[in-house]
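J.: Structure incoming, see below.
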Amino acid sequence: MAWRLMLAAAATATIGAAQAPATAPPGSTPAPTPSPMAANPVPGYLGEAAPDTYKILPPAPVAGTTRYEADRTIFLGTRSLKDTPRWALAQNDVDQFAVLKDLSCAIGVNLTSQNAPKTTAMIARVGRDVARATDRPKDIYRRQRPYLIDEGPTCVEKSAALSASPDYPSGHNTWGWTVGLIMAELAPDRATEILARARAFGESRLVCGVHNLSAIEAGRLNGSIVVAGLHGSPEFRKDLEAVRKEVAAARRAGPAPDPAACAKEAELVAKSPY
């Protein structure tokens, strides 16, 4: 599926996006980061040892059930967020490869290939495991995206490629929550801020109108499953300890993100969109 191809390019895309400004201008839609390493040869950490997320996640909602109707109600209700500051944040969060940049206020520094090369490389490698965990349940459930069920604006173009990619679980949120959990472990004194921003990163897909609430919740669980599996990998644990020192050094060196921009972001993150 699309997620396998998209996250195969994470090595360069994540590194490049981490160097972008902290927030896109209000009302604008950032262009996706180019991915020159679509054939990235670096494997994930888990391979065949990865947990089978299809057997762990709850099934996708089907028509006639309470969860299905709740998804429709929340999609329609959140269309009123169009052109609000929260909509602008959702547009900013469209580029999943910019997740380290998006977490910069929460972490306290913008982690890039220059100040944190081991970190960006490890996160990129984890992307392979996220793709595997996302594609199998998506391919089985084939859940439609919400705008294909009910009319409503989205913060990105309703392309044929997007519509062909199933809704459940959210790969975007699986990725964001996986990275958020890892970064919370690397900067435990900022864990609350990091996980709050990672939650909002996933909820931006709900605000954007391209994922149902059930897919967002499943993505969060999916990311937790990936991280649990990663901790069973001696290679990941070894890399994590090396990265821990690098993140600490980068935070000490700074510079810290703009306080005013971070305060505005924190205000938006603190409010539930539904």
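J.: Name the pairs whose Cβ atoms lie under 7 Å apart, with the first residue in the stretch 55-76 and assigned to a helix (DSSP H, G or I), the second open to solvent by 80 Å² or more (accessible area, probe 1.4 Å), and 6 or more positions between them or separate chains?
T.: 68/62; 74/274
J.: Still on this structure, I have one more. Spot the failing condition for residue 48; the list is (1) acidic (Asp, Glu); (2) at pLDDT 95 or above; (3) not in a loop (DSSP other than H, G, I, E, B), and only one is missed.
T.: Of everything listed in (1) acidic (Asp, Glu); (2) at pLDDT 95 or above; (3) not in a loop (DSSP other than H, G, I, E, B), residue 48 misses just condition (2).
J.: Inspect the stretch 178-187 for any residue being of a type in the set (Ser, Thr, Tyr) and within 21 Å of residue 240 (Cα to Cα) and give the result as yes or no.
T.: There is at least one residue in the stretch 178-187 that is of a type in the set (Ser, Thr, Tyr) and within 21 Å of residue 240 (Cα to Cα).
J.: Could I ask something else about it? Which count do you get for residues in the stretch 241-267 that are crowded, with 18+ Cβ neighbours inside 10 Å and of a type outside the set (D, E, K, R)? If you could, list the steps in order and put the result at the bottom.
T.: Filtering the stretch 241-267 for residues crowded, with 18+ Cβ neighbours inside 10 Å gives 243, 246-247, 250-251, 257, 262, 265.
Keeping just the survivors that are of a type outside the set (D, E, K, R) gives 243, 247, 250, 257, 262.
Qualifying residue count for the region: 5.
J.: Next question. When the stretch 250-274 is examined, which residues are found to be over 16 Å from residue 104 (Cβ atoms) and in a helix (DSSP H, G or I)? Working first, answer last.
T.: Filtering the stretch 250-274 down to residues over 16 Å from residue 104 (Cβ atoms) leaves 267, 270-274.
Residue satisfying the conditions is 267 alone.
J.: While we're looking at this one, here's another question. Starting from the stretch 80-108, keep only residues that are of a type outside the set (D, E, K, R), then list their pairs with residues that are open to solvent by less than 10 Å² (accessible area, probe 1.4 Å) and modelled with pLDDT under 95 whose Cβ atoms are within a distance under 6 Å, requiring at least 6 positions of separation or different chains.
T.: 97/13; 97/14; 97/17; 98/17; 100/18
J.: A further question follows. Pick out the one residue from 210, 247 that is at pLDDT 95 or above, in a helix (DSSP H, G or I) and not polar (S, T, N, Q).
T.: 247
J.: Hey, can you tell me all the residues within the stretch 195-240 that are open to solvent by less than 20 Å² (accessible area, probe 1.4 Å), farther than 23 Å from residue 168 by Cβ and either touching a Cys at 6+ places or on another chain (Cβ under 9 Å) or of a type in the set (Asp, Glu) (or both)?
T.: The one that is open to solvent by less than 20 Å² (accessible area, probe 1.4 Å), farther than 23 Å from residue 168 by Cβ and either touching a Cys at 6+ places or on another chain (Cβ under 9 Å) or of a type in the set (Asp, Glu) (or both): 197.
J.: Taking only the stretch 123-162 into account, find how many residues are under 11 Å from residue 211 (Cα atoms) and of a type outside the set (A, V, I, L, M, F, W, C).
T.: 6
J.: Which numbered condition in (1) in contact with a Phe, Trp or Tyr (Cβ under 9 Å, 6 or more places away or on another chain); (2) closer than 20 Å to residue 251 by Cβ; (3) free of Cβ contacts under 8 Å to residues at least 24 places away in the same chain; (4) of a type outside the set (Val, Ile, Thr) is the only one that residue 163 fails?
T.: Of (1) in contact with a Phe, Trp or Tyr (Cβ under 9 Å, 6 or more places away or on another chain); (2) closer than 20 Å to residue 251 by Cβ; (3) free of Cβ contacts under 8 Å to residues at least 24 places away in the same chain; (4) of a type outside the set (Val, Ile, Thr), only one is false for residue 163: (2).
J.: Still on this model: If you go through the stretch 116-153, how many residues are part of a loop (DSSP other than H, G, I, E, B) and surrounded by 20 or more Cβ atoms within 10 Å (Cβ to Cβ)?
T.: Matching residues across the stretch 116-153 total 3.
J.: Give 237, 205 a once-over and let me know the one that is under 30 Å from residue 86 (Cβ atoms), modelled with pLDDT of 95 or more and assigned to a helix (DSSP H, G or I).
T.: Details: 237 fails: under 30 Å from residue 86 (Cβ atoms).
Only one candidate passes the filter, namely 205.
J.: Restrict the check to the stretch 158-172 and report whether at least one residue is surrounded by 24 or more Cβ atoms within 10 Å (Cβ to Cβ), acidic (Asp, Glu) and over 20 Å from residue 111 (Cα atoms).
T.: yes
The values are calculated or read from the model by the stated rules, or taken from the named source; none is laboratory data. These numbers come from a predicted model, not from an experiment. Note that each Cβ is placed from the backbone with ideal geometry, even for glycine, and that neighbours are counted across all protein chains shown. Note: accessible area is taken over every heavy atom of the protein model, side chains too, but ligands, DNA and RNA are not part of it. Shrake-Rupley method; radii C 1.70, N 1.55, O 1.52, S 1.80 Å.
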